[in-house]
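Take a look at the structure below.
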Amino acid sequence: MHIITVAGQEKDGAYSVVDDDGEEVLYIFVEEDDALRYAMQLEDMGYPEMHVIEVEDVVMIKTCEMHDHRYAIISPYDIVVPPDNARDFIK
(Lines give C-alpha, C1' and ligand atoms only; values in the text may rest on other atoms or scores of the structure.)
Protein backbone atom coordinates (compact mmCIF):
# COMPACT_ATOMS: atom_id res chain seq x y z
CA MET A 1 0.00 0.00 0.00
CA HIS A 2 1.06 3.60 -0.53
CA ILE A 3 0.63 7.05 0.99
CA ILE A 4 1.49 10.51 -0.35
CA THR A 5 3.88 12.96 1.31
CA VAL A 6 5.70 16.14 0.34
CA ALA A 7 9.04 15.28 -1.27
CA GLY A 8 11.84 15.83 1.23
CA GLN A 9 9.42 15.98 4.17
CA GLU A 10 8.42 12.34 4.34
CA LYS A 11 8.92 12.15 8.12
CA ASP A 12 6.73 15.21 8.74
CA GLY A 13 3.40 13.66 7.78
CA ALA A 14 1.21 12.42 4.99
CA TYR A 15 -1.42 13.91 2.72
CA SER A 16 -4.96 13.83 4.14
CA VAL A 17 -8.31 15.21 3.08
CA VAL A 18 -11.02 16.61 5.30
CA ASP A 19 -14.33 14.77 5.03
CA ASP A 20 -17.83 16.21 5.31
CA ASP A 21 -17.69 15.78 9.09
CA GLY A 22 -14.55 17.93 9.32
CA GLU A 23 -12.35 14.92 10.10
CA GLU A 24 -8.94 14.27 8.54
CA VAL A 25 -8.84 11.13 6.41
CA LEU A 26 -5.56 9.57 5.32
CA TYR A 27 -5.74 8.07 1.84
CA ILE A 28 -3.98 4.71 1.64
CA PHE A 29 -3.70 3.57 -1.96
CA VAL A 30 -3.55 -0.13 -2.80
CA GLU A 31 -1.84 0.49 -6.14
CA GLU A 32 1.25 2.68 -6.54
CA ASP A 33 0.08 3.90 -9.97
CA ASP A 34 -3.12 5.29 -8.45
CA ALA A 35 -1.13 7.11 -5.75
CA LEU A 36 1.25 8.51 -8.38
CA ARG A 37 -1.65 9.79 -10.50
CA TYR A 38 -3.24 11.44 -7.48
CA ALA A 39 0.10 13.03 -6.49
CA MET A 40 0.50 14.40 -10.04
CA GLN A 41 -2.98 15.90 -9.85
CA LEU A 42 -2.02 17.61 -6.59
CA GLU A 43 1.14 19.02 -8.16
CA ASP A 44 -0.89 20.27 -11.15
CA MET A 45 -3.07 22.15 -8.65
CA GLY A 46 -0.03 23.97 -7.25
CA TYR A 47 1.03 21.65 -4.43
CA PRO A 48 4.76 21.17 -3.86
CA GLU A 49 6.47 18.14 -5.36
CA MET A 50 4.88 15.05 -3.87
CA HIS A 51 6.40 11.66 -3.06
CA VAL A 52 4.64 8.31 -2.92
CA ILE A 53 5.84 5.99 -0.16
CA GLU A 54 5.20 2.28 0.09
CA VAL A 55 3.92 1.32 3.53
CA GLU A 56 3.10 -1.95 5.20
CA ASP A 57 -0.68 -2.12 5.29
CA VAL A 58 -1.05 -3.73 8.71
CA VAL A 59 1.36 -1.27 10.33
CA MET A 60 -0.23 1.80 8.72
CA ILE A 61 -3.77 0.77 9.63
CA LYS A 62 -2.76 -0.13 13.19
CA THR A 63 -1.00 3.26 13.54
CA CYS A 64 -4.09 5.11 12.35
CA GLU A 65 -6.29 3.16 14.75
CA MET A 66 -3.91 3.72 17.70
CA HIS A 67 -4.04 7.48 17.09
CA ASP A 68 -7.78 7.49 16.35
CA HIS A 69 -7.07 8.82 12.85
CA ARG A 70 -9.50 8.08 10.04
CA TYR A 71 -8.23 6.43 6.89
CA ALA A 72 -9.61 5.24 3.58
CA ILE A 73 -8.26 2.35 1.56
CA ILE A 74 -8.32 3.41 -2.10
CA SER A 75 -8.67 0.32 -4.26
CA PRO A 76 -8.01 0.15 -8.01
CA TYR A 77 -11.80 0.33 -8.50
CA ASP A 78 -12.20 3.61 -6.60
CA ILE A 79 -12.10 6.98 -8.31
CA VAL A 80 -10.75 9.81 -6.20
CA VAL A 81 -9.74 13.28 -7.30
CA PRO A 82 -8.24 16.02 -5.15
CA PRO A 83 -10.87 18.36 -3.74
CA ASP A 84 -10.93 21.77 -5.36
CA ASN A 85 -11.17 23.52 -2.02
CA ALA A 86 -8.56 24.27 0.61
CA ARG A 87 -9.87 21.67 3.06
CA ASP A 88 -7.10 19.16 2.42
CA PHE A 89 -3.63 19.33 3.89
CA ILE A 90 -0.53 17.54 4.91
CA LYS A 91 -0.08 16.74 8.56
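The values are calculated or read from the model by the stated rules, or taken from the named source; none is laboratory data. Because the structure is predicted, anything quoted here is derived from the model rather than measured. Heads up, the Cβs are rebuilt from the backbone with ideal geometry, glycines too, and the neighbour counts pull from every protein chain shown. Each accessible area value is taken on the protein alone, full model and side chains, heavy atoms only, with ligands, DNA and RNA left out. Shrake-Rupley method; radii C 1.70, N 1.55, O 1.52, S 1.80 Å.
Residue pairs, Cβ under 7 Å, 6 or more apart or interchain, first in segment 46-61 and touching a residue at least 24 places away in the same chain (Cβ under 8 Å) and of a type in the set (Val, Ile, Thr), second in a helix (DSSP H, G or I) and open to solvent by less than 80 Å² (accessible area, probe 1.4 Å). List them.
VAL52/ALA35; VAL52/LEU36; VAL52/ALA39; ILE53/GLU10
With (1) surrounded by 12 or more Cβ atoms within 10 Å (Cβ to Cβ); (2) touching a residue at least 40 places away in the same chain (Cβ under 8 Å); (3) out of contact with any strand residue (DSSP E or B) (no Cβ under 7 Å at 6 or more places or on another chain) as the list, and ILE3 as the residue in question, which single condition is left unmet?
The number of the failed condition is (3).
I'd like to verify a number: residues in segment 54-68 that are under 17 Å from GLU10 (Cβ atoms) and surrounded by fewer than 15 Cβ atoms within 10 Å (Cβ to Cβ), how many?
Total satisfying the criteria: 4.
With the checklist (1) crowded, with 16+ Cβ neighbours inside 10 Å; (2) out of contact with any Phe, Trp or Tyr (no Cβ under 7 Å at 6 or more places or on another chain); (3) modelled with pLDDT of 90 or more in hand, flag the one item ILE28 doesn't pass.
The one condition ILE28 does not meet is (2).
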